[in-house]
Amino acid sequence: MNIDYLIIGQGISGSFLSQELESAGLSFIVIDEVRQHSASRVASGIINPVTGRRIVKTWMIDELMPFAWEAYNKIGSSLGIECISIIDNIDFFPTPQMRLAFLNSIQEDAQYLSLPANENDWHPTLNYDFGYGIIHPCFLVNLQSLLAAYRKSLLNKNILREEYFHTNDLIVNADNIRYHDIVATKIIFCDGIESQHNRWFKNLPFAPNKGEVLIVEIKDLPAKNILKKGISIVPWKENLFWVGSTHEWKFENDQITIGFRQKTEAQLTSFLKIPFTVMDHWASVRPATLERRPFAGFHPQYPSIGIFNGMGTKGCSLAPYFARQLADHLINKSKLSPEVSVERFRNVLARSGP
Ligand SMILES: Cc1cc2nc3c(=O)[nH]c(=O)nc-3n(C[C@H](O)[C@H](O)[C@H](O)COP(=O)(O)OP(=O)(O)OC[C@H]3O[C@@H](n4cnc5c(N)ncnc54)[C@H](O)[C@@H]3O)c2cc1C
C-alpha cells in the first residue's frame, strides 16, 4: 500500500496533524495502540491564558487561543460533537502572598484577570481564607469525546490500525519508508513519551513529567467553573469532576500511588464543605521537554523521518497550532518556527540514528 504519510500515535498531536493532512487531500495511515491512560486521555483539557506562581501570560497565548477555538470548533463540527467551551478559572488564593501576586499581575496586565464583585459568595460551598481572583476566558476541551469520535472516523475510513508500532520493523530508504505492507513518503512520530526511546530522536532533550488525577463525584457542586486551590477541580461529565494534578520530574514508574490519593483526598476534605466520593484514580506521563517547547520537523540525516511531539503540559493549545504549521511546512515548504523546529538540535540529532 502506497501512501503519503505514516503517523504513529493518535493522541492530540497525531489527531490534529492527521486532520490537517486530510484537509489538504493527502493520504495517510495512523497506527495507534489502544492505551487508556495516554497523556491525552488523562488530561483535563484546560487551555489557561496565564501560568506559574507569578501568574504571567502563557507563551504565545494571544495567538494560540483564537486558533484553538477555531480548530476545535472545526474538528468538532466535522465529527458532529461539541468539544470546546469557555469557562472561568476561579483561583482561590492559598496564601496572602498568592493574593498579592495576583493583584500585582492585574496591575501589570489585566487582559485575562479580574476580581469578583463579592469574594464571599463561595463560602457556602468552599473553605477559603484569602479571597479569589478570576481567570477569564479559559477554554475546556473535551478530549475524551474528541479523541474517541476522531478515532471512530479514522476506523470507519479504514485508515487507523489499532496495534503496536515496532520501530525495529521500519525500513528507511533514501526517499521513502517501508513498514510491513505500507510504503510512505514520510513517517511522523506523534507517539508522546515513547519518542524518548526512539533511535532517531532519543537525543532530543525530553523531560518526562508524571501527573496523577482523581475522578471524583461531587453531587452538589455546579459544573460551571474550574475551582483551584492548590489542586484544580475541573468539570468532567455529569456529577463527575477531574481533580489534580501533580507535576513530578522524578518518578519510578507511570503507576498511581497511594500517597497522591491520600494527599488529594485530604486537600478536598479541607477545601469542600460538601461530600465527595472518589470514583477513579489515573496516572500518566506528559511528553515535556527541557526548554518547554515542542519538537516538530524532520531528522537532518533521515528526511523521511519526522517528529511532532514535546507538547508538555500544554498539548491542548500547542498541538492544533503547530500541527497546522507542520502541515504547511510539508505542503507549502513554509518555515517552522525556530522555537519548535528540531533543526535547533541538528548537532545532537546528527549523533543519533540506526
Ligand atoms: C495529568 C495530566 C493533566 C494534563 N492536563 C492538561 C491540560 O489541562 N491542558 C493541556 O493542554 N495539557 C494537559 N496535559 C498535557 C497533555 O496531556 C499532553 O501535552 C498531550 O496529551 C500530549 O499529546 P500527544 O498526542 O503528543 O501524546 P500522547 O497523548 O501520549 O499520545 C501518544 C499516542 O501514541 C500512541 N503510541 C505511543 N507509542 C506507540 C507505539 N509504539 N505503537 C502504537 N501507538 C503508540 C499512544 O498509545 C498514544 O495514543 C496533561 C497531562 C497529564 C498527564
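Could you tell me how many of the residues in segment 199-247 are surrounded by fewer than 21 Cβ atoms within 10 Å (Cβ to Cβ), among the polar types (S, T, N, Q) and either over 19 Å from residue 270 (Cα atoms) or more than 13 Å from the ligand (Cβ to nearest atom) (or both)?
So the count comes out to 3.
Within segment 113-141, take every residue that is in contact with a Ser or Thr (Cβ under 8 Å, 6 or more places away or on another chain) and open to solvent by 50 Å² or more (accessible area, probe 1.4 Å) and give me the one that is nearest to residue 68 (Cα to Cα).
136
Could you tell me whether segment 265-281 includes any residue that is closer than 18 Å to residue 193 by Cα and under 20 Å from the mean Cα position of the chain (by Cα)?
For segment 265-281, residues closer than 18 Å to residue 193 by Cα and under 20 Å from the mean Cα position of the chain (by Cα): absent.
Can you name every residue in segment 296-316 that is of a type in the set (Phe, Trp, Tyr) and either at positive phi or more than 14 Å from the chain's Cα centre (by Cα) (or both)?
Those that are of a type in the set (Phe, Trp, Tyr) and either at positive phi or more than 14 Å from the chain's Cα centre (by Cα) (or both): 298, 302.
How many residues are open to solvent by 70 Å² or more (accessible area, probe 1.4 Å), of a type in the set (A, V, I, L, M) and either within 13 Å of the ligand (Cβ to nearest atom) or within 22 Å of the chain's Cα centre (by Cα) (or both) when one looks only at segment 158-198?
Total meeting the criteria: 0.
Give the residue that is surrounded by the most Cβ atoms within 10 Å (Cβ to Cβ), with candidates limited to residues of segment 76-92 that are assigned to a loop (DSSP other than H, G, I, E, B) and within 20 Å of the chain's Cα centre (by Cα).
83
I'm trying to understand the selection: among the residues of segment 291-315, which are more than 7 Å from the ligand (Cβ to nearest atom) and out of contact with any helix residue (DSSP H, G or I) (no Cβ under 7 Å at 6 or more places or on another chain)?
Once the filter is applied, which keeps residues that are more than 7 Å from the ligand (Cβ to nearest atom) and out of contact with any helix residue (DSSP H, G or I) (no Cβ under 7 Å at 6 or more places or on another chain), segment 291-315 yields 291, 292, 293, 298, 302, 303, 304, 305, 306, 310.
Could you check residue 263 against (1) more than 14 Å from the ligand (Cβ to nearest atom); (2) closer than 19 Å to residue 212 by Cβ; (3) touching an Asp or Glu at 6+ places or on another chain (Cβ under 7 Å) and say which number it fails?
(3) is the only condition that residue 263 fails.
Go through segment 28-56 and give me each residue that's assigned to a loop (DSSP other than H, G, I, E, B), open to solvent by 20 Å² or more (accessible area, probe 1.4 Å), at pLDDT 95 or above and more than 22 Å from residue 167 (Cβ to Cβ).
43, 48
The values are calculated or read from the model by the stated rules, or taken from the named source; none is laboratory data. Since the structure is predicted, the reported quantities are computational estimates derived from the model, not experimental observations. Using ideal geometry, Cβ is built from the backbone for each residue, glycine included, and neighbour counts are taken over all protein chains shown. Please note that ligands, DNA and RNA were not included when accessible areas were found on the heavy atoms of the full protein model with its side chains. Shrake-Rupley method; radii C 1.70, N 1.55, O 1.52, S 1.80 Å.
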